[in-house]
Amino acid sequence: QVQLVESGGGLVQPGESLSLSCAASISLFNLPAMGWYRQAPGKKRELVGTVTRGGTTNYGDSVKGRFTISRDNAKNTMYLQMNNLEPEDTAVYYCNTIFAQVLYWGQGTQVTVSS
């Protein structure tokens, strides 16, 4: 079983930056890939991006060039650096991973972008 805990959410103004963390209860060396997703009120959960064990990243079109995903295997933590935030980025952000063919999600962290 894997526990994922997100942190770092909050309220920021448009154009500002925010960094989220996703701490895993097991070594990231056991996790071939991890992902960030978000869900805004009344909308479907959408992909923000993913990162493989080797560090290869993939991003959703709406965040390309503004968001960066990284992972620190030594700290068992994945990060999401969000720059130039827009009101449309307001959502609950979740991390996920698959381990032993089971999909795990964190509890989510709220990000609100508003002036």
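The values are calculated or read from the model by the stated rules, or taken from the named source; none is laboratory data. Computed from a predicted structure; not experimentally measured. Virtual Cβ from ideal backbone geometry, glycine too; neighbours counted across all protein chains shown. Heads up: the accessible areas ignore ligands, DNA and RNA and are worked out on the full protein's heavy atoms, side chains in. Shrake-Rupley method; radii C 1.70, N 1.55, O 1.52, S 1.80 Å.
Scanning the range 3-36 for residues that are over 14 Å from the mean Cα position of the chain (by Cα), at pLDDT 95 or above and open to solvent by less than 20 Å² (accessible area, probe 1.4 Å) yields a single hit, V12. Applying a threshold of 7 Å to beta carbon distances and a minimum spacing of six or more residues, or different chains, the list of pairs starting in the range 87-114 at a residue that is within 17 Å of G8 (Cα to Cα) and open to solvent by 40 Å² or more (accessible area, probe 1.4 Å) and ending at one that is of a type in the set (D, E) and not in a loop (DSSP other than H, G, I, E, B) reads Q107/E6.
Being within 21 Å of T90 (Cα to Cα) and of a type in the set (S, T, N, Q) is the filter here; which residues of the range 24-49 pass it? Selection gives Q39 alone. Regarding L80, is this residue within 11 Å of the chain's Cα centre (by Cα) and buried (at least 19 other Cβ atoms within 10 Å of the Cβ)? Against the criterion (within 11 Å of the chain's Cα centre (by Cα) and buried (at least 19 other Cβ atoms within 10 Å of the Cβ)), L80 qualifies.
Within the range 40-76, count every residue that is open to solvent by 50 Å² or more (accessible area, probe 1.4 Å) and assigned to a loop (DSSP other than H, G, I, E, B). Matching residues across the range 40-76 total 12.
In the range 1-39, which residues are part of a strand (DSSP E or B) and of a type in the set (F, W, Y)? First the steps, then the outcome.
First pass over the range 1-39, keeping only residues part of a strand (DSSP E or B): 4-7, 10-12, 18-24, 33-39.
Those that are part of a strand (DSSP E or B) and of a type in the set (F, W, Y): W36, Y37.
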